[in-house]
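Trainee: Quick one: the structure is below, questions incoming.
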Amino acid sequence: MKQILRAVLVSSLFASSAALAQGVEMNMNIQVDEDGNPTSANIQMQGTDENGAAAGVNMRVRGSTSTSTTTTTRTQVKVNGVVQTEESYTETTQSGPGPTARPLPPPPPPQPAFRDCGTGRDPGCTMTRDGKYAMDAETWKGFYQSLKSQPNEISREEMTEKMLKRNYLTALQLGLLLDLFPNEITRLDVAKNAATHVVNPQHALGFSSKWQNSISAEEYTEMIAEQQP
């Protein structure tokens, strides 16, 4: 787009200089796109040549920075008392480099034919969130066994929080994770921390039944329903 602006400015400066020097009329029209960026410009000048005949120049600058200049010369001759007008046209086109193309966003990671997340037939295992897959089987099993071997529930919650800073879960993995926290308050805190890292949160709505407290169950449902994978 900078090339278009440069071409328009150069053309307009040249045309205005010529107009001031020769005392001709100049009309410039610039077209823009929906974003306000110039796509083309049309510069028209009308005056007379050195012989006093009518002459004009029509210069067009397009989006590809190609410039087309059309020169019109009108000659009037009186024959037997009748004025006859002859017109001649000369068109010159100069091409430059086209506008710079906008870079395309990076493609999403290819979907694997099969992934094992350690949870059997898990529909979330081939889904992504923030461009990342859920933990694979080996990572999940190691994480899950570490939590099960930790008798202190507060320590389990801290381990979960650290693990989920860089890792993602499927809905089935989330369900198994929540079962490791008997205290409903702690379980809800774990769910809140994990919600933004579940690759298929729509499949985790049914886990509200893991809370006996209806207020906690309702809070969990609203939180999961707000997630956009």
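Trainee: Around residue 168, under 10 Å between beta carbons, what's the net of Lys plus Arg minus Asp minus Glu among the other residues?
Mentor: Details: positive: 129, 132, 166; negative: 130.
Once all neighbours under 10 Å are counted, the net charge is +2.
Trainee: Tell me, what does the Kirkwood hydrodynamic radius of region 123-225 come to in angstroms if you use every pair of distinct C-alpha atoms? All intermediate terms of the calculation are to be shown ahead of the outcome.
Mentor: On the way: mean 1/r = 0.0733 Å⁻¹.
Taking every pair of different Cα atoms in region 123-225, averaging 1/r and inverting gives 13.6 Å.
Trainee: Dimensions of region 135-194 along principal axes (Cα, Å, largest first)?
Mentor: 28, 22, 19
Trainee: Report ³J(HN,Hα) in whole Hz for each residue of region 206-211, in order, from the Karplus equation J = 6.51 cos²θ - 1.76 cosθ + 1.60 where θ = phi - 60°; Gly and Pro get x.
Mentor: With coefficients 6.51, -1.76 and 1.60, one gets x, 6, 4, 5, 6, 10 Hz.
Trainee: Another question, then. Under 5 Å between amide hydrogens, which residues at least 5 positions from residue 132 or on another chain qualify, with H placed 1.01 Å from N in the peptide plane?
Mentor: Those qualifying (amide H under 5 Å, at least 5 residues apart or on another chain) number zero.
Taken together, the values in this text are just the output of simple stated rules run on the coordinates, not laboratory data. What you are looking at is a predicted structure, and each value in this text was computed from that prediction instead of being measured. So basically every Cβ, Gly included, is an ideal-geometry build from the backbone, and we count neighbours across all protein chains shown.
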